[in-house]
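Student: What follows is a structure written as structure tokens; I'll ask about it next.
The values are calculated or read from the model by the stated rules, or taken from the named source; none is laboratory data. Owing to the predicted nature of the structure, the values given are computational and were not obtained by experimental measurement. Cβ atoms come from the backbone with ideal geometry, glycine included; neighbour counts cover every protein chain shown.
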């Protein structure tokens, strides 16, 4: 099994929970030349009329400036790994079991399969947990008969 694990910086911020709330943020980033790979947005049940958006990557001075102006900032309280590779039945279970076996709790997970490839973004409370999880995934990949884990960054 071949996995690519990358530490990624995520930006987050409050958005309006109304038509166009997320479009406003994405328009600012796009207008500055940003090209996001992952966006997650949801309603905040504790704040009527508000939601929260997460985005990555936010690269380049102009894109960062536009993201800040739209209400996003680097998410200092979440460490994130991007895990990608070839899809296979049971892979999600194996990935999450390896992380659990390392004694790490996952704060959030969002993933998708497109064709034969998968990508999942895993959020952790602290960078040390993300590092432990990355090590567990490296061991998982090394244990697989069909390949090895490639770690980057």
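Student: Has segment 108-118 got any residue that is at pLDDT 95 or above, closer than 24 Å to residue 54 by Cα and not in a strand (DSSP E or B)?
Tutor: Looking only at segment 108-118, we keep the residues that are at pLDDT 95 or above, and these are 108-118.
Among the residues that remain, those that are also closer than 24 Å to residue 54 by Cα are: 108-114, 117-118.
Checking which are not in a strand (DSSP E or B) leaves us with none.
Looking for residues that are at pLDDT 95 or above, closer than 24 Å to residue 54 by Cα and not in a strand (DSSP E or B), one finds none in segment 108-118, hence no.
Student: On the basis of being under 28 Å from residue 133 (Cβ atoms), in contact with a helix residue (DSSP H, G or I) (Cβ under 8 Å, 6 or more places away or on another chain) and modelled with pLDDT of 95 or more, does residue 10 make the cut?
Tutor: Spelling it out, it is not the case that residue 10 is under 28 Å from residue 133 (Cβ atoms), in contact with a helix residue (DSSP H, G or I) (Cβ under 8 Å, 6 or more places away or on another chain) and modelled with pLDDT of 95 or more.
Student: Checking residue 129 against (1) over 19 Å from residue 1 (Cα atoms); (2) in contact with a helix residue (DSSP H, G or I) (Cβ under 8 Å, 6 or more places away or on another chain); (3) surrounded by 20 or more Cβ atoms within 10 Å (Cβ to Cβ): exactly one of these is not met. Which one?
Tutor: (2)
Student: Oh, and also: When residue 68 is evaluated against the numbered criteria (1) assigned by TED's automatic domain parsing to the domain that holds residue 122; (2) surrounded by fewer than 17 Cβ atoms within 10 Å (Cβ to Cβ); (3) in contact with a strand residue (DSSP E or B) (Cβ under 9 Å, 6 or more places away or on another chain), which criterion, by number, is the only one it fails?
Tutor: Just one mismatch for residue 68, condition (1).
Student: Take residue 62 and tell me if it is surrounded by fewer than 20 Cβ atoms within 10 Å (Cβ to Cβ) and in contact with a helix residue (DSSP H, G or I) (Cβ under 7 Å, 6 or more places away or on another chain).
Tutor: no
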